[in-house]
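Nothing in this text is a laboratory measurement; each read-out follows from the coordinates by a stated rule. From a predicted model like this one, the values you see are computed outputs, not experimental measurements. Every residue, glycine among them, receives a Cβ derived from its backbone with ideal geometry; neighbour counts consider all protein chains shown.
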């Protein structure tokens, strides 16, 4: 009954997502007992939190870049952002 209470930590993102989709489908169908529904819901919440954490970590990793010295710096804050603004202004003036 409580096979799905503890998600495996060595599962891939895709495996966890598939498991979460299965749980959601089972709960939507309503063909499970109240106790099983509660167990599945708790497992689904835990899977959802793990998936969100994985996505957040991936987003943070993708939002970094390296400078000339090999140091990480945020991708959103380029060292010379004024060029981008000038291009937008020039495009607006030419149109």
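Using a Förster radius of 25 Å, what is the FRET efficiency between residue 57 and residue 24 based on their Cβ-Cβ separation? Nearest 0.05, please. Kindly include the intermediate steps, with their values, before the conclusion.
Working: r = 23 Å, r/R0 = 0.93.
Once the sixth-power term is evaluated, E becomes 0.60.
How much length is gained on full extension from residue 15 to residue 72, taking 0.36 nm per residue of separation minus their Cα-Cα distance?
Working: separation 57, 0.36 × 57 = 20.52 nm, distance 3.10 nm.
Result for the pair: 17.4 nm of gain on full extension.
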